């Protein structure tokens, strides 16, 4: 399950953010994950307790917001939301599109406790 190593990488980044803010604990980690990211959200959620053990995020909640697949048509230049197996333009039907979202794995926000 490569989601465990992905989760470990995310926690490394989150730990760096927490250190910059002198956090004592991480409460919530908000992620945005697109269906073309190569990461399965349910497996990432399952890996989180293992990866976060003995870290500032051990008691944290991981919240995942799914992101839509969006393409820009190279023919009519419209942008549209598409499905996983059909990246054609929904405006003109052309198959010559470029992906503009749907492959992301982003840390949107980290909620943490800091010392005042």
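Values in this text are rule-based calculations from the coordinates and carry no lab data. Just so it is clear, the structure is predicted and the values come from calculations on it, not from any experiment. Using ideal geometry, Cβ is built from the backbone for each residue, glycine included, and neighbour counts are taken over all protein chains shown.
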Item to complete: Filter the range 69-110 for residues that are free of Cβ contacts under 8 Å to residues at least 60 places away in the same chain, within 25 Å of residue 7 (Cα to Cα) and assigned to a loop (DSSP other than H, G, I, E, B) and give the result.
Response: 84
Worksheet entry | Test set (1) in contact (Cβ under 8 Å) with a residue 24 or more places away in the chain; (2) in contact with a strand residue (DSSP E or B) (Cβ under 6 Å, 6 or more places away or on another chain); (3) more than 20 Å from residue 114 (Cβ to Cβ) - residue 23 fails condition number | (3)
Item to complete: May I ask you to list the residues in the range 28-56 that are under 13 Å from residue 113 (Cα atoms) and under 17 Å from the mean Cα position of the chain (by Cα)?
Response: 28, 29
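Looking at the range 4-36, which of its residues are surrounded by fewer than 18 Cβ atoms within 10 Å (Cβ to Cβ) and either touching a helix residue (DSSP H, G or I) at 6+ places or on another chain (Cβ under 8 Å) or not in a helix (DSSP H, G or I) (or both)?
Within the range 4-36, 4, 8, 21, 22, 24, 25, 27, 28, 30, 32, 35, 36 meet the criteria.
Go through the range 54-68 and count every residue that is part of a strand (DSSP E or B) and touching a helix residue (DSSP H, G or I) at 6+ places or on another chain (Cβ under 8 Å).
Within the range 54-68, residues that are part of a strand (DSSP E or B) and touching a helix residue (DSSP H, G or I) at 6+ places or on another chain (Cβ under 8 Å) number 3.
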